[in-house]
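What follows draws every value from the coordinates through simple rules; no lab data is involved. Model, not experiment: these values are computed from the prediction. Cβ placement follows ideal geometry from the backbone for every residue including glycine, while neighbour counts extend to all protein chains displayed.
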Amino acid sequence: MSSLVGVGTLTDASGKSSSLIEREASSGEGSSEVSPLISRPRRLRRTAGLRRMVQETCLTVKDLIYPVFVMEGDNRREAIASMPDCHRYSLDLLLAEVTEAYELGIGAIALFPLIPAEQKDNAGTESYNPDGLAPRAVRAIKQTLPNLVVITDVALAPYSTEGHDGIVQDGQILNDETVAVLVKQALCQAEAGADMVAPSDMMDGRVGAIRRALDAAGWINVGILAYSAKYASAYYGPFRDALDSAPKFGDKKTYQMDPANGQEALKEVALDVAEGADMVMVKPALAYMDVIHRVKQQTALPVAAYNVSGEYAMIKAAAQQGWVDEQKIVLETLTGLKRAGADLILTYFAKAVAHWLQ
Ligand code: PBG
């Protein structure tokens, strides 16, 4: 009987035990007997006030980076079928969208352009057009909201006829030739006013090449958020719909990482830190919480986690069916990412979370 003492204890607001089991236990063995159970972790869970006091992780709006999609045109807003409540916006409407986010307390956005098919080529030349969609968007956003941190995506996929993050030759993705284009793209974004450039391509050596080029051009204060551990993931499916950027052949396994590997993430992070990254990222987030944790142990740099499109779509789909509570499951998921070690979280839920946390 004594082994049951304390099991299922209900405790009222006065702090006195009201457990039937415990009463039975003590009445069975004499009411003056002291419970042998010294440690009762439930004491600190008894009231909302106590729980609040011992809460270890606190998700705040400061942690959020809002990824947004921009497209050409005026007064246009297009739904993305696989990402309910997410839209692509023409620049005028994007300004309204990011202003709303900013007023909700979101301090940073990650910008992704939808490039018209006729502007795409194998070498992604549109990616460094100073009058291209992304630099125009950066200039307009910084003019409207100078204090909003604007992070731009450095990669070829949105600009590539092949839908790859590198120049393709004979079915291979060329590394160093691609890095040369990424450098031009990063310079073009810095020129437009980006606060940070974020290479998401996974070519070797790109962080160092971008850092040197930015410094040489005088952009010493433009930061680099490196997608250091980016996995070849099925979770990017909805994003590729959003930007019409799915690979036209093969997959991205020769440059993005194998989901089976954790140790390798530490190698990628170490390289990016040595090459001059200001922040590192793990992507996707949910299936890679151990990687987030290990990366956080290894580096003193801020660690970002990308709660990617497929993670968003799964929650949205289940919530629409009424199978899960969207607000609760999103807050639990993002709190979990922060507990794992993420200092910053890129999430399409950013605006909703900012509302909920108000
Ligand atoms: C492309 C890029 C991708 C994402 C961000 N930048 C897709 C890919 O690598 O194919 C995915 C983001 C998401 O799924 O939310 N460089």
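Here are a few things to note about the model shown:
- When DSSP beta bridges are restricted to pairs lying wholly in the chain, around 15% turn out antiparallel.
- Mean Cβ neighbour count within 10 Å, used as a protection proxy, ranking 313-324, 197-208, 66-77 highest first: 197-208, 66-77, 313-324
- Rounded to the nearest 10 degrees, the inclination of helix 206-216 to the longest alpha-carbon principal axis of the chain is 60 degrees.
- Remark: the range 78-200 carries a charge dipole of roughly 280 debye about the Cα centre, counting +1 on each Lys and Arg Cβ and -1 on each Asp and Glu Cβ.
- When +1 charges are put on Lys and Arg Cβ atoms and -1 charges on Asp and Glu Cβ atoms, the dipole computed for the chain relative to its Cα centre reaches about 1320 debye.
- Proximal charge balance of Lys338 [Cβ under 13 Å; K/R count +1, D/E count -1]: -1
- The label-point distance for Arg212 and Thr99, in a model that sets each label 7 Å from Cα toward Cβ, rounds to 4.3 nm.
- Equivalent-ellipsoid semi-axes for the range 188-262 (Cα gyration tensor, √(5λ), whole Å, largest first): 27, 15, 10.
- For the chain, the calculated P(r), taken from all Cα-Cα distances in 20 Å bins from zero up to the bin holding the longest distance, is 27, 50, 15, 7, 0 percent.
- Neighbourhood charge, 9 Å Cβ-Cβ cut-off, centred on Ala304 and excluding it, Lys, Arg +1 and Asp, Glu -1: 0
- Percent of Cα-Cα distances greater than 14 Å, calculated over the range 173-219: 42
- Each of the peptides 234-246, 299-311, 136-148 was scored by the mean count of other Cβ atoms within 10 Å over its residues; in descending order, highest first, they stand as 299-311, 234-246, 136-148.
- Each semi-axis of the equivalent ellipsoid for the range 83-153 is √(5λ) with λ an eigenvalue of the Cα gyration tensor; in descending order they amount to 23, 14, 10 Å.
- Summarising the amide proton neighbourhood of Asp121: residues at separation of 5 or more, or on other chains, whose placed amide H is nearer than 5 Å comprise Glu126, Thr161.
- Cα centroid of the range 90-141 to Cα centroid of the range 317-358, whole Å: 25
- Candidates Gly124, Ala313, Ala134 compared by Cα position along the dipole of the chain: farthest toward the positive end lies Ala313, with charges placed on Cβ.
- With a cut-off of 11 Å between beta carbons, the residues surrounding Gly107 carry a summed charge of -1, where Lys and Arg count +1 and Asp and Glu -1.
- The range 56-184: translational diffusion in µm²/s, Stokes-Einstein, Kirkwood Rh over Cα pairs, 25 °C, 0.890 mPa s: 154
- For the chain, the longest principal axis of the C-alpha atoms and the axis of helix 263-275 are separated by about 50°.
- Estimated dipole of the range 206-285 in Debye, rounded to 20 [Cβ of Lys and Arg +1, of Asp and Glu -1, Cα centre]: 140
- Cα convex hull volume per residue for the range 301-341 (Å³): 58
- 222 nm mean residue ellipticity, helices alone, for the chain (DSSP H n ≥ 4; -39,500 (n - 2.57); rounded to 500): -11500 deg cm²/dmol
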